[in-house]
Amino acid sequence: MIALLASILAITLRAGTSLIYATIGEIYTERSGILNLGLEGMMLMGAVSAFATVYYTGSLLLALLVAMLTGVVLSSIHAFLSITMRANQVVSGLSITLFGTGFASFLGQRLGPESNGHYLIGLIGNKFTPVKIPFLSNLPVLGALFNQDILTYIVYLIIPAAWFFMYKTRAGLNLRAVGESPQTADAMGINVSKVRYIYTILGGTLVALGGAHLSLSYAPGWTDNITGGRGWIVIALVIFSMWNPSRAIWGALLFGGINAIQFRLQATGTTISAPLLNMLPYIVTIVVLVLMTWIETMNKKVGAPEALAVPYMRGEK
Amino acid sequence: MRLVFEKRNSVSKKAIVLVPVVSFLVSLILTGILLIIFKTNPFITYSSMFVGAFGSWINFTETLVKAIPLMLTGIGVGLAFRLRFWNIGAEGQLVFGGVAATWVALFWSNFLPPFLVLPTAILMGIIAGALWAGIPAFLKVYLKVDETLVSLMLNYVAILTAQGLYYGAWIDPKGMGFPGTKLFPKSAWLPRFSGRAHVGLFIAILLGLVMWVVLNRTKWGFEVKMSGHNPRAARVMGVDIGKTIITAILVSGAFSGMAGAFEVTAISHRLQQGLAIGYGYTAIIVAWMAQLNPIASLFVAVLMAGLLVGGDQVQMMMGLPAAMGIVLQGMILFPMLAGSLFTDYRLKIITKSTKEEAA
């Protein structure tokens, strides 16, 4: 029983890591008032670029850097379109996802070595492996927390840091001000566009890192649609966490947990049909959304930034 | 001197036509640069894509085969977008339509008179697509749940449902384990007129025209436009926005459901892998590039279908990934979105003298 719990917890954390990176990234982006629906595309691009890098150089660090750079480039496009060009943010985000999905698939069939027909699919590269922390990793059940890869350990640090930065620093206050009321923030002397650019790009960087975790650790290698809709689930997780980085953990654990249970059930050969089991994350997402929306109408406020997805132009109401 | 954007009083007519055309050219150039990076000649690539899609009648019929579902889903998505209802679930609505049509074709043909099998299959496809789209619409109107995520999540649910059926309950017992249902009876086949191009084309074109008339000449069309453009004014005028959203989204889903029914009854003649190949997502590009105009959607659908078929061609002829066509499609929206600023705003140069004039 204890072994089973430990293994479920271990898989939950492994599956949840990429979700947490992306959730925290999108929370920061949305807090500045920019809605980025391009997550699915950015995660895929992060995953493919990271895997291609690690395949050729063997360097995991370089792979992470390349993935982050990919995130910077794609989120800059979104930032430019939605901040400078005041484009519709929903459509801009969708186009990042459409482009990212197509381009990642293109790269997956082009970046590989000639011997593999230029395909990246089916290749094996370097990957992150769990690092045991002495003593702690021997704890019953909770030991699973301390037998993870480095990217998961970084998550333990990022969550409190992201919370502290948002609620306890001047810059975090400015960020929240810009997302709640850009007019007031502008009057306070905050450069609204600059803040929105910074956090859209920072968010995109974290999202792409989440994608890189998939191809470097969770499911090492490259397959088309390696994300399987995680980019969209993350958008629901942002709502689930009420735009608070410290709560990002719960959503990620919930969905990581669903993955873990699917894993276990399929391994033990269950009578529940596989498609039904695979539908679970998507159906749970819808249920979570309905619940969160219902709570919002009851309590009036869940924490959505007031100016989310509203372009800001000086002197225009 | 500095540059500022000034809101236009009315949308620029010239920009409406120019922006999509220029956007397409920009996307060709950007993708061309990409091709050069991958040591491929963009001119040869583009010309073989063009020949592959439009070079002969046979190739063109293949383009039409892909254009039909894009026309229908594009019109449907465009209708939803008019209401600022972000239905990105056309893919799932299409698949669900295909599943429903399959159900009729496989199990109702025993007791329905033969001439009724096909119409019933298509009708059930339409209803299934509408109902699948109805879920996010009802959740949005009655519970204010975000429609973007719900409609997208339902894509996965629909695709997995279809998979569950053609791998499981509906699998052809004589198919040697090949995932797919058995072949439909001939009475459930939608007639083709040339190659694989089928009569769904004429239905799609007709529906595009009808949709344009409905949007521009009827009270309901006016209410749809009004509710999307200026909901406050619409409410003042007594428009029931919730009802408008639900009816419009049911129609939106019906279009995609019909597309799915056509795919199984005219192309594959069975339910199998390959029904969900992204038409519902490309529909977003079709709708936006056509500026949500149903007649323009018909033409844009042919262009996008050409990119898909052209992409397949360069894969066969030049060994380039077929995703090439999808990359080109994905690139189009970026310049399009940047350009939309110029339809709503005009660039104004402020110098000292204009400032004084204003004073």
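The values are calculated or read from the model by the stated rules, or taken from the named source; none is laboratory data. Everything numeric in this text was worked out from a predicted model, so none of it was measured. Neighbour counts are summed over all protein chains in view; Cβ atoms, including those assigned to glycine, are modelled from backbone coordinates with ideal geometry.
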Kindly establish whether A:Pro130 is of a type outside the set (Val, Ile, Thr), free of Cβ contacts under 8 Å to residues at least 12 places away in the same chain and either more than 10 Å from every other protein chain (Cβ to nearest Cβ) or out of contact with any Gly (no Cβ under 6 Å at 6 or more places or on another chain) (or both). no
Counting only residues that are at pLDDT 85 or above, more than 14 Å from chain B (Cβ to nearest Cβ) and part of a helix (DSSP H, G or I), how many does the range A:244-297 have? 11
If we take the range A:7-108, then helices (runs of 4 or more DSSP H) inside it with 1 or more residues that are crowded, with 24+ Cβ neighbours inside 10 Å and modelled with pLDDT under 95 are A:89-108
How many residues does the range B:277-291 hold that are surrounded by 21 or more Cβ atoms within 10 Å (Cβ to Cβ) and over 10 Å from the mean Cα position of the chain (by Cα)? 2
Hey, could you check the range B:48-64 for residues that are among the hydrophobic types (A, V, I, L, M, F, W, C) and surrounded by fewer than 22 Cβ atoms within 10 Å (Cβ to Cβ) and say which is farthest from the other protein chains (Cβ to nearest Cβ)? B:Trp57
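Yes or no, residue by residue, for (1) more than 21 Å from A:Arg230 (Cβ to Cβ); (2) among the β-branched types (Val, Ile, Thr):
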site: A:Leu19; (1), (2): no, no
site: A:Thr23; (1), (2): no, yes
site: A:Ser59; (1), (2): yes, no
site: A:Met68; (1), (2): no, no
site: A:Gly71; (1), (2): no, no
site: A:Ile83; (1), (2): yes, yes
site: A:Arg86; (1), (2): yes, no
site: A:Phe106; (1), (2): no, no
site: A:Arg110; (1), (2): yes, no
Given B:Phe334, B:Phe342, which one is modelled with pLDDT under 90 and over 30 Å from B:Pro179 (Cα atoms)? B:Phe342
Checking the structure you have, find out if any residue of the range B:169-178 is more than 16 Å from B:Thr73 (Cα to Cα), among the aliphatic types (A, V, I, L, M), away from chain A (no Cβ under 14 Å) and surrounded by 18 or more Cβ atoms within 10 Å (Cβ to Cβ). no
B:Ala162, sole failed condition from (1) in contact (Cβ under 8 Å) with a residue 24 or more places away in the chain; (2) away from every other protein chain (no Cβ under 14 Å): (2)
Check A:Leu214, A:Leu202, A:Leu237 and return the single one that is buried (at least 20 other Cβ atoms within 10 Å of the Cβ), part of a helix (DSSP H, G or I), away from chain B (no Cβ under 14 Å) and modelled with pLDDT of 90 or more. A:Leu214
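Rundown of residues vs (1) surrounded by 15 or more Cβ atoms within 10 Å (Cβ to Cβ); (2) assigned to a loop (DSSP other than H, G, I, E, B); (3) out of contact with any Ser or Thr (no Cβ under 6 Å at 6 or more places or on another chain); (4) not small (Gly, Ala, Ser), yes/no style:
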{"site": "A:Gly112", "(1), (2), (3), (4)": "yes, yes, yes, no"}
{"site": "A:Asn126", "(1), (2), (3), (4)": "yes, yes, yes, yes"}
{"site": "A:Thr129", "(1), (2), (3), (4)": "no, yes, yes, yes"}
{"site": "A:Pro140", "(1), (2), (3), (4)": "no, yes, yes, yes"}
{"site": "A:Pro160", "(1), (2), (3), (4)": "no, no, yes, yes"}
{"site": "A:Ala171", "(1), (2), (3), (4)": "no, no, yes, no"}
{"site": "A:Arg176", "(1), (2), (3), (4)": "yes, no, yes, yes"}
{"site": "A:Ala185", "(1), (2), (3), (4)": "yes, no, yes, no"}
Hey, can you tell me all the residues within the range B:137-147 that are assigned to a helix (DSSP H, G or I) and within 7 Å of chain A (Cβ to nearest Cβ)? B:Leu139, B:Leu143
Top-ranked residue of the range B:83-113 - restricted to ones that are touching a Pro at 6+ places or on another chain (Cβ under 8 Å) and assigned to a helix (DSSP H, G or I), ranked as farthest from the other protein chains (Cβ to nearest Cβ): B:Ala105
If a residue has to be touching a Pro at 6+ places or on another chain (Cβ under 6 Å) and either without any contact (Cβ under 8 Å) to a residue 40 or more places away in the chain or not hydrophobic (A, V, I, L, M, F, W, C) (or both) to count, how many in the range B:208-231 make the cut? 1
List every residue pair whose Cβ atoms sit under 6 Å apart, with the two residues 6 or more apart in sequence or on different chains, where the first one lies in the range A:87-111 and is facing another protein chain (nearest Cβ under 8 Å) and the second, anywhere, is surrounded by fewer than 23 Cβ atoms within 10 Å (Cβ to Cβ) and among the charged types (D, E, K, R). A:Ser105/A:Asp224
Of the conditions (1) crowded, with 23+ Cβ neighbours inside 10 Å; (2) out of contact with any Leu (no Cβ under 7 Å at 6 or more places or on another chain), A:Gly231 clears all except one; give me its number. (2)
The condition from (1) free of Cβ contacts under 8 Å to residues at least 40 places away in the same chain; (2) facing chain A (nearest Cβ under 9 Å); (3) not hydrophobic (A, V, I, L, M, F, W, C) that B:Thr247 misses is numbered (2)
